[in-house]
Amino acid sequence: MTTTDTMDTDATVEQSIAMIKAGSEYVRITAPNSRQAQNLQNIKDKLNKKGYPAPLIADIHFTPNAAEIAAQIVEKVRINPGNYADQKKFKIREYSDKEYKLEIDRIHDKFSPLVKLCKKHGTAMRIGTNHGSLSDRIMNRYGDTPFGMVESALEFARICEIYNFHNIVFSMKASNPIVVVQAYRLLVKKMIEENMNYPLHLGVTEAGDGEDGRIKSALGIGTLLYEGLGDTIRVSLTEPPENEIPVAKRLVDRYSGYKLDGSSKFGIHDSHFELRKTNTVLNIGGKNVPRVIVDLSFKNHISRCDLSSLGYAYMEEEDKWGISDFACDYIYIGNNELDFNIPGTLGVIQNLNVWNKNERHYPLISLDDLNKHKISSKLKFLDFKISNINHLSIDDIANDHSLVILSQSKDRFDIINQKKLFRKLLDNKCKIPIILSSFYDKSLEDLKIQLYSTIDLGSLLIEGFGDGIFIENQNPDNRKYVNSTSFGLLQASRRRISKAEYISCPSCGRTLFDLEDTTAMIRSMTGHLKGVKIGIMGCIVNGPGEMADADYGYVGTGVGKISLYRGQKMVKSSIESKFATEALIDLIKEDGNWVEPNKEGVI
Ligand code: SF4
C-alpha cells in the first residue's frame, strides 16, 4: 500500500513503481474523499503510460461517494464494514432484534449502490474487517471477538449475494496475530455453513517495524498459509512499502506448490486459546513462562564472551553477570564442557556421554537411554525426532516427572506431526512438558530463519502448546539474532512478555507525521517498559479504533499536532509534535507505569 498523498500523482506513481519493481502484484492506494478517488484515474493513466499496468485497489473507510467513484476506475475497492455505512462512536447500547434488522436494512440502502456499480464495471470488492474498527452495533451484539469480525463481513457479503455479485474477497485483520488466525479459521467455517467460497486476503495490521513487524506478520499469515488458506497477502510494516515485499515473497514461496493435506487443516484449538497443563520440572512447564534454549554445541570451545550475545554480560572487574530481559534460559553445548562459572539463571544441556553432573547441567538423552539406564537428574531432556511420532509409546515416559521432551522438527510440514504429538499426549492425559524445536541449516539466510521458525513454532504456541522453544541453527554469526527472534516470537504469541509492544500503523496518504522516525524514537525511549502497549497511529480518522487494545495512543490529529490516548480515551489533544514524546512519557509516569531503563543489565 502506498504511503504518499493520493493527490500527489507523481509521488504515488513513483512509489507504486518501486513497489511493483520489488515484486508487488497489486497496489493499494487510500482514497478518503471524492477528490482523491477521482485522482486514481490520473495515477492509473500514468502507471499505464510508464508500462506498469498493475491492478489498483482503492482503500475506502467511510465515504460511499469515494467508493462509488473509485469503483469505476480501479480493479478493486476495499471497504471496511466497521466504518462503511455503519458507525463507531464507542456507544454502549442494546439493540432489539427489530432495531438490529432496521440497521441492516439501512446498511443495505447505503451499500447496495456500490455493489451495483462494481457489478456493472467488473470491479472486485474486498470486504476487509479490522478488529479495531468493528461498528458499535457489532460490538454490542458480538463483542470485540473473532465472531464479531466474521459476522461484520458476512452481513455485507449477504447484501452482495442479493444482487448476485460474487466478485468479493474477505480479510480479517488485527494487530494481534492470534486474533487474525482465529478469525480467518472461523470465517472459513462460517462460509462453509453458508455455502460461500470466497477468496481470502491475509494480513496482520499495524504490525509495526523491524523484527517485531516481521515476526507478527509471519505468525498470522504463515500459520494460515500452512493451513491452505489465503489467496493474496500483505505484510504491513511501518517502513517504506517496498520493504514489505521480500517478507511477503518468502512467506508465499515457502508454501507455493504445497498441496493441502486434509489433516493439516486448522489447529487442535481452532478458534480459542487453551494452555496445555503440564508438570513443573524445575523452571519448565506448569505456570512457568516458555523457556528459550540456544545452540552452542557446534563450538570447539565456549567462553564467557559467547554468552554476551545471549543476554549475559560478564563484568570482569566485579566478577559478576549483568542479565538482560532477553537472557536465554538454557544453552545446549553438545559434547562441550564449560571452564567458567555460569550465570545463576542459566541452565546447560549436555549430551549424556559427557554429562558431568555439575550444578545446573542437565543431560540430553535418547529413548533408548531412558529405557536402558537409570539416569538420576532433577531435569533431563528427551531427544525426540518428531518424524518418529508413530513409534512413541506414552507408557514408556508418562511417569517420569523429571522428563521434558525436546520435540524436534526438520521439515516445513512437521507442524502436523507436532500436533499429532500434542493430540497423543492430551488423549493419554500425559503432562510431560514439551520444548518445541525446529532445525534450520546454517546456510539459510537470517530472515528466512526468523520467518520460518515463527511459523513452525509459533503456530503451536498460539494455541497454548509448548513449554519452551529451541531454534536449532549452527550459524556462529547469528546467535544474537536467533536469541532475539526467540523472545520476539514468544512476545508476538503472547506467551512471554519481555518488552514493550507497539501497534504502529504502516502509514498511508492520510498520515500526518513521519511514522518511521517517530516509531523509532518512541521505541528507543520506552522499549524497556515490559508489557506496556503503545499505539502509534498516523491519523485520527482510523487511528484510535485501529489501535484497539493499546494502553496508550500517540495519534496524529493535524499537521504537526498529536493527541495522546489512555486506552481508547483521548486525554491530551493537539500537542505540538516536538513535545509529544515527552508528554507521552509523563502520561505513563502519571499512571505509575514508568520504570527507569536498567543501564547495567541491558545489552
Ligand atoms: S491509521 Fe495510519 S494507515 Fe490507517 S488510515 Fe490512518 S494514517 Fe493511514
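The values are calculated or read from the model by the stated rules, or taken from the named source; none is laboratory data. As the structure is a computational prediction, the values presented were derived from the model and not from experiment. Using ideal geometry, Cβ is built from the backbone for each residue, glycine included, and neighbour counts are taken over all protein chains shown. Ligands, DNA and RNA are excluded from the accessible area calculation, which covers all protein heavy atoms including side chains. Shrake-Rupley method; radii C 1.70, N 1.55, O 1.52, S 1.80 Å.
Within the chain, what's the longest run with no GluC sites (Glu not before Pro) in a DSSP loop and at most 13 other beta-carbon atoms within 10 Å? Give the range, please. Can you show the working numbers first?
Details: sites that count: Glu25, Glu94, Glu194, Glu274, Glu316, Glu317, Glu318, Glu359, Glu445, Glu600.
With GluC sites (Glu not before Pro) excluded where exposed in loops, the chain gives 446-599 as its longest stretch.
Taking the stretch 1-97, which chymotrypsin sites (Phe, Trp or Tyr not before Pro) meet the DSSP loop condition and have no more than 11 other C-beta atoms within 10 Å? Can you show the working numbers first?
Details: sites: Tyr26, Phe62, Tyr84, Phe90, Tyr95; in loops: Tyr26, Phe62, Tyr84, Phe90, Tyr95.
Here the sparse-neighbourhood loop sites are Phe90.
Tell me which aspartates and glutamates have Cα within less than 20 Å of Lys49's Cα, excluding those fewer than 8 residues away on the same chain?
Straight-line reach from Lys49, under 20 Å: Asp8, Asp10, Glu14, Glu25, Glu75.
Run the dipole for the stretch 1-136 about the Cα centre, Lys and Arg Cβ at +1, Asp and Glu Cβ at -1, nothing else charged, and hand back the magnitude in debye, nearest 20. Write down the numbers at each step before the final one.
Numbers: 21 positive and 17 negative charges, 48 e Å.
Dipole of the stretch 1-136, to the nearest 20 debye: 240 debye.
Just name one of Gly128, Met570, Ile432: the one whose Cα is farthest towards the positive end of the charge dipole of the chain (beta-carbon charges, Lys/Arg +1, Asp/Glu -1).
Gly128
In this model, which of Lys357/Lys385; Lys21/Lys249; Lys76/Lys116; Lys378/Lys431; Lys442/Lys480 are farther than 19 Å apart at the alpha-carbon? Don't jump to the answer; show the numbers that get you there.
On the way: Lys357/Lys385 25 Å; Lys21/Lys249 13 Å; Lys76/Lys116 14 Å; Lys378/Lys431 16 Å; Lys442/Lys480 14 Å.
Over 19 Å apart, Cα to Cα: Lys357/Lys385.
Could you work out Rg/(2.2 N^0.38 Å) for the stretch 292-432, with Rg from alpha carbons only?
Numbers: Rg = 16.9 Å, N = 141, 2.2 N^0.38 = 14.4 Å.
Relative to the rule-of-thumb radius for its length, the stretch 292-432 sits at 1.17.
Under 19 Å from a label point 7 Å along Cα→Cβ of His108: give me every residue in the stretch 147-170 with its amide N that close.
Once the point is set 7 Å along Cα→Cβ of His108, 151-166 turn out to lie under 19 Å by backbone N, inside the stretch 147-170.
In terms of Cα to Cα distance under 27 Å, which lysines are near enough to Lys578, apart from those fewer than 8 places away along the same chain?
Within the straight-line cut-off, Lys578 pairs with Lys499, Lys530, Lys533, Lys561, Lys569, Lys589, Lys599.
I'd like the FRET efficiency for Tyr52 and Asp400, computed as 1/(1 + (r/R0)^6) with the beta carbon distance as r and R0 of 35 Å, rounded to 0.05. All intermediate terms of the calculation are to be shown ahead of the outcome.
Details: r = 62 Å, r/R0 = 1.78.
The calculated FRET efficiency here is 0.05.
Which value in Å is the Kirkwood Rh of the stretch 401-513 over different Cα pairs?
Working: mean 1/r = 0.0643 Å⁻¹.
One over the average 1/r among Cα pairs gives 15.6 Å for the stretch 401-513.
I need the per residue convex hull volume for the stretch 489-586, using only the alpha carbons, in cubic angstrom as a whole number. Intermediate values should be presented prior to the final figure.
Values: hull volume 9.0 nm³, N = 98.
Spread over its residues, the Cα hull of the stretch 489-586 gives 91 Å³ apiece.
Compute log10 of I(q)/I(0) for the stretch 174-273 with the Debye formula, placing one identical point scatterer on every Cα and leaving out solvent, at q = 0.18, 0.19 Å⁻¹, to two decimals.
Results for the stretch 174-273 at q = 0.18, 0.19 Å⁻¹ read -0.83, -0.92.
Roughly how many debye, to the nearest 20, is the charge dipole of the stretch 261-382 about its Cα centre, given +1 on each Lys and Arg Cβ, -1 on each Asp and Glu Cβ, and no other charges?
Numbers: 14 positive and 16 negative charges, 134 e Å.
Computed charge dipole of the stretch 261-382: roughly 640 debye.
What residue among Gly228, Ser402, Trp594 has its Cα farthest toward the positive end of the dipole of the chain, where the charges are +1 on Lys, Arg and -1 on Asp, Glu, each on the Cβ?
Towards the positive end, the residue furthest out is Gly228.
Quick one: dipole size for the chain, taken about the Cα centre, charges +1 on Lys/Arg Cβ and -1 on Asp/Glu Cβ, in debye to the nearest 20. Kindly include the intermediate steps, with their values, before the conclusion.
Values: 77 positive and 78 negative charges, 288 e Å.
In debye, rounded to 20, the chain gives about 1380.
Could you work out how far helix 415-427 tilts from the main Cα principal axis of the chain, as a 0 to 90 degree angle to the nearest 10?
70 degrees
Report the FRET efficiency, 1/(1 + (r/R0)^6), for Thr345 and His121, where r is their Cβ-Cβ distance and R0 is 51 Å, rounded to 0.05.
Working: r = 63 Å, r/R0 = 1.23.
Once the sixth-power term is evaluated, E becomes 0.20.
Cα-based Rg of the chain per 2.2 N^0.38 Å, rounded to two decimals? It would help to have the intermediate numbers written out before the result.
Details: Rg = 25.6 Å, N = 603, 2.2 N^0.38 = 25.1 Å.
Compactness ratio reported: 1.02.
List the pair-distance distribution P(r) of the stretch 1-145, using every Cα-Cα distance, as the percent of pairs falling in each 10 Å bin from 0 up to the bin containing the longest distance, rounded to whole percents.
12, 38, 29, 16, 6, 0
Within a Cβ distance under 11 Å of Thr278, other residues only, what is the Lys/Arg minus Asp/Glu net charge?
Details: positive: Arg276, Lys277, Lys287, Lys431; negative: Asp467.
In short, +3.
May I ask for the Kirkwood hydrodynamic radius of the stretch 68-206, worked out over all distinct Cα pairs and given in angstroms to one decimal?
Numbers: mean 1/r = 0.0660 Å⁻¹.
Evaluated on the stretch 68-206, it is 15.2 Å.
What is the percent carbon and sulfur in the accessible area of the stretch 473-603, measuring with a 1.4 Å probe over the protein chains and ignoring ligands?
Numbers: 2800 of 5400 Å².
The computed percentage sits at 52.
Along each principal axis of its Cα atoms, how long is the stretch 541-603 end to end? Whole angstroms, biggest number first, please.
41, 26, 23
Taking the simple approach of a point 7 Å from Cα along Cα-to-Cβ for both Val559 and Ser34, what is their distance in nm?
Here the answer is 2.4 nm between the modelled labels.
Note down the relative contact order for the chain as a percent, whole number, built from C-alpha pairs under 8 angstrom at least six residues apart.
Details: 1187 pairs, mean separation 71.2, N = 603.
The value is 12 percent.
May I ask you to list the aspartates and glutamates whose Cα is less than 18 Å away from that of Lys299, ignoring any residue fewer than eight positions away on the same chain?
Glu337, Asp339, Asp441, Glu472, Asp477
I'd like the FRET efficiency for Glu242 and Lys98, computed as 1/(1 + (r/R0)^6) with the beta carbon distance as r and R0 of 56 Å, rounded to 0.05.
With R0 = 56 Å, the Cβ-Cβ based efficiency is 0.65.
Tell me, in nm to one decimal, what length is gained between Ser366 and Lys189 on full extension, where the rule is 0.36 nm per residue of separation less the Cα-Cα distance? Write out the running numbers ahead of the final one.
Working: separation 177, 0.36 × 177 = 63.72 nm, distance 4.12 nm.
Between Ser366 and Lys189, full extension yields 59.6 nm more.
Which whole-number value in Å² is the accessible area per residue of the chain, probe 1.4 Å?
Working: 24420 Å² over 603 residues.
Accessible surface, normalised per residue, equals 40 Å².
Give me the distance in nm between label points sitting 7 Å out from Cα along the Cα-to-Cβ direction at Asp517 and His269, one decimal.
Those two pseudo-labels are separated by 4.4 nm.
Once the piece of chain linking Leu282 and Ser574 is laid out straight, how much longer is it, given 0.36 nm per residue of separation minus the C-alpha distance between them?
99.9 nm
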